[in-house]
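The values are calculated or read from the model by the stated rules, or taken from the named source; none is laboratory data. Please read these numbers as outputs of a predicted model, since none were measured by experiment. FYI the Cβ positions are ideal-geometry reconstructions off the backbone, even for glycines, and counts take in every protein chain you see.
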Amino acid sequence: MNQQFCFVKDQNGGFAKIYFEDILFIKSLGNYLQFVTTKGTFVALGTLAALETELGDLGFFARVHKSYIVNLVRIDHLSSDGILLGGQSLPVGAKYMESIKRDFVFANLLKL
């Protein structure tokens, strides 16, 4: 993936450009995805599994739960209780915890 943005349908039926760096997290809503960004919330048709494959090349997104992908450089706090980012608390699935700790440290070392 060479581009650093995507377009998603907005609430008015138009399309909004979302820069990946502005994404806080993405939540699965069945066959739809809710993008929570620094600029607002957008909903698009798609699945987390498909998006996870696309975002994997960027190096700063990770699956943390069956329903969530987060932007690792936007995490404010990470603990065994979950993730805090953008003022919201998100769960972390037990099977994701070790890889999230590793990826979180690596992603944040890269931005220094």
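Say we look at the stretch 57-86 and pick out the residues that are in contact with a strand residue (DSSP E or B) (Cβ under 9 Å, 6 or more places away or on another chain), small (Gly, Ala, Ser) and modelled with pLDDT under 95; which of these is farthest from residue 26 (Cα to Cα)? Checking each candidate, the answer is 82.
Let's see how each residue does on (1) at positive phi; (2) more than 12 Å from the chain's Cα centre (by Cα):
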site: 9; (1), (2): no, yes
site: 24; (1), (2): no, no
site: 42; (1), (2): no, yes
site: 70; (1), (2): no, no
site: 75; (1), (2): no, no
site: 87; (1), (2): yes, yes
site: 96; (1), (2): no, yes
site: 100; (1), (2): no, yes
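Total residues in the stretch 51-108 satisfying the condition of being touching a Gly at 6+ places or on another chain (Cβ under 8 Å) and farther than 17 Å from residue 21 by Cα: the figure is 7.
Tally time: how many residues in the stretch 87-106 are of a type in the set (A, V, I, L, M), in contact with a strand residue (DSSP E or B) (Cβ under 7 Å, 6 or more places away or on another chain) and modelled with pLDDT under 90?
Residues in the stretch 87-106 being of a type in the set (A, V, I, L, M), in contact with a strand residue (DSSP E or B) (Cβ under 7 Å, 6 or more places away or on another chain) and modelled with pLDDT under 90: 1 in total.
On the stretch given as the stretch 54-68, residues that are within 17 Å of residue 5 (Cβ to Cβ), under 11 Å from the mean Cα position of the chain (by Cα) and hydrophobic (A, V, I, L, M, F, W, C) total 3.
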